[in-house]
Amino acid sequence: MDLPDPYLPGAISLFEQLDKKLLVVLRDGRKLIGYLRSIDQFANLILEDVVERTFVEKYFCETGQGFMLIRGENVELAGEIDDSIPTGLTQVLLAVLRAFIRSSRSLRLSTLPFSHSTSPSTSILRNMHNVVFVLGPPGSGKGTICAKIQENLGYVHLSAGDLLRAERQREGSEFGALIEQHIRNGSIVPVEITCALLENAMNNSGDAKGFLVDGFPRNEDNLQGWNKQMTGKALVQFVLFLSCPVPICIQRCLNRGQGRTDDNEESLKKRVETYNRQTFPIIEHFEKNGLVREVKSERSVEEIYADVVEVFNQAAKV
Ligand SMILES: Nc1ncnc2c1ncn2[C@@H]1O[C@H](COP(=O)(O)OP(=O)(O)O)[C@@H](O)[C@H]1O
Ligand SMILES: Nc1ccn([C@H]2C[C@H](O)[C@@H](COP(=O)(O)OP(=O)(O)O)O2)c(=O)n1
């Protein structure tokens with residue numbers, strides 16, 4: 001047998017793979033693919049542009065993980081990968097893979113070993129948060145309807161506005177003044193703050209069926225930030241759009257009586273303008289992707305809620 005020159009025994013032989021694309025199988029079964037940037041004598045690896053590849057039968061999907069330091073003790077196997085060799089597998093979107101698992105779950109649970117509840121191939125999907133974005137003009141009834149969904153359908157309600165107001169009040173918060181300025185102005189707080197609050201709340205909510213993310217994403221910055229921070233961590237099921245004529249919404253806000261610093265005519269004018277200019281295009285973006293479920297909210301709460309339940313029932317069948 002010809003040995004490489006110089007011969008590097010053990011994990012250190014991976015030096016030859018520096019800057020090459022590596023497949024790393026972890027002890028827990030996860031499969032990571034990325035460019036090897038560094039390695040030490042303990043086989044601790046630094047990988048760049050990492051994706052986690054999840055396989056289900058002849059399909060697979062990839063979720064971005066960025067830059068990773070992997071401890072050598074967690075590595076089961078590592079080797080160079082050549083993407084030009086056909087595998088016979090088809091890459092699909094995570095949502096498609098998830099729908100596929102749902103549609104054939106009962107069959108596979110009883111027949112195929114890989115779908116055992118501890119299967120690494122589906123663990124990433126189970127660990128992702130289910131999310132329904134709830135959008136609509138200020139005062140369209142998002143909070144009111146979310147409270148009913150939370151009470152009856154097992155989703156946890158996370159209002160971006162409430163989280164921001166709580167952060168504004170939190171003693172020692174470095175963002176309090178900035179948040180207050182945006183709220184009064186009817187403008188949108190930078191996504192890094194809002195998305196971090198949402199992610200924290202999701203991670204601290206224990207086992208939830210899903211989350212109603214109310215009042216987010218409200219502009220392009222929110223959407224881009226969410227995609228950057230939450231891809232691979234959350235799966236958006238659909239967007240619940242509560243549509244309501246603006247004059248009715250304004251009247252509702254003025255009558256809300258919660259003592260909010262932004263429920264006055266001047267702030268409302270700006271909030272409505274922000275909604276028309278920045279939020280509505282985001283709803284249109286989701287609409288193009290077939291994700292929007294519109295429910296007209298110029299009606300009684302009971303009538304709206306009946307339609308909302310129907311939307312959730314339909315979504316559960318997918
Ligand atoms: N369908 C409805 N009909 C009449 N008033 C409503 C309805 N839904 C909500 N409201 C009232 O309108 C105000 C704004 O509702 P809220 O749920 O806080 O809206 P949003 O979260 O969209 O700003 C609240 O005072 C609420 O009680
Ligand atoms: N994604 C978000 C959500 C709310 N905010 C800020 C700006 C909004 O005018 C206020 C209030 O939002 P909230 O959703 O509570 O209220 P309305 O739907 O406007 O009635 O919070 C934000 O900056 N970014």
Cα shape, the range 129-317, gyration tensor, a/c 1.5 rule: rounded
Degrees, to the nearest 10: 176-185 long Cα axis against longest axis of the chain: 50 degrees
Most mobile of Arg184, Arg293, Arg256 in a GNM of the chain (Cα contacts under 10 Å): Arg256
Charge tally in the Cβ shell below 14 Å around Ile149, where Lys, Arg are +1 and Asp, Glu are -1, Ile149 excluded: -1
Degrees separating the helix 220-230 axis from the principal Cα axis of the chain, which is the longest one: 40 degrees
Acute angle (nearest 10 degrees) that the helix 191-203 long axis makes with the longest principal axis of the chain, alpha-carbon atoms: 80 degrees
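I'd like the FRET efficiency for Leu18 and His285, computed as 1/(1 + (r/R0)^6) with the beta carbon distance as r and R0 of 51 Å, rounded to 0.05. If you can, show how the numbers build up before the last one.
Values: r = 41 Å, r/R0 = 0.80.
Once the sixth-power term is evaluated, E becomes 0.80.
What do you get for Rg/Rh over the chain if you use C-alpha atoms and the Kirkwood form of Rh? Kindly include the intermediate steps, with their values, before the conclusion.
Working: Rg = 23.7 Å, Rh = 22.4 Å.
When Rh is taken as the Kirkwood radius, the ratio is 1.06.
What stretch of the chain, leaving out the sites themselves, is the longest with no chymotrypsin sites (Phe, Trp or Tyr not before Pro) in a DSSP loop having at most 14 other Cβ atoms within 10 Å? Walk me through the numbers on the way to the answer.
Working: sites that count: Tyr7, Phe42.
In short, 43-318.
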Stretch in the chain that is longest and holds no GluC sites (Glu not before Pro) that DSSP places in a loop and that have at most 13 other beta carbons within 10 Å: 1-170
DSSP bridge orientation in the chain - percent antiparallel, rounded to nearest 5: 55 percent
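Read-outs: derived from the displayed coordinates by stated rules, not from any lab. Values in this document were obtained by computation on a predicted structure and should not be read as measured data. Neighbour counts run over all protein chains shown; Cβ positions are idealised from the backbone, glycine included.
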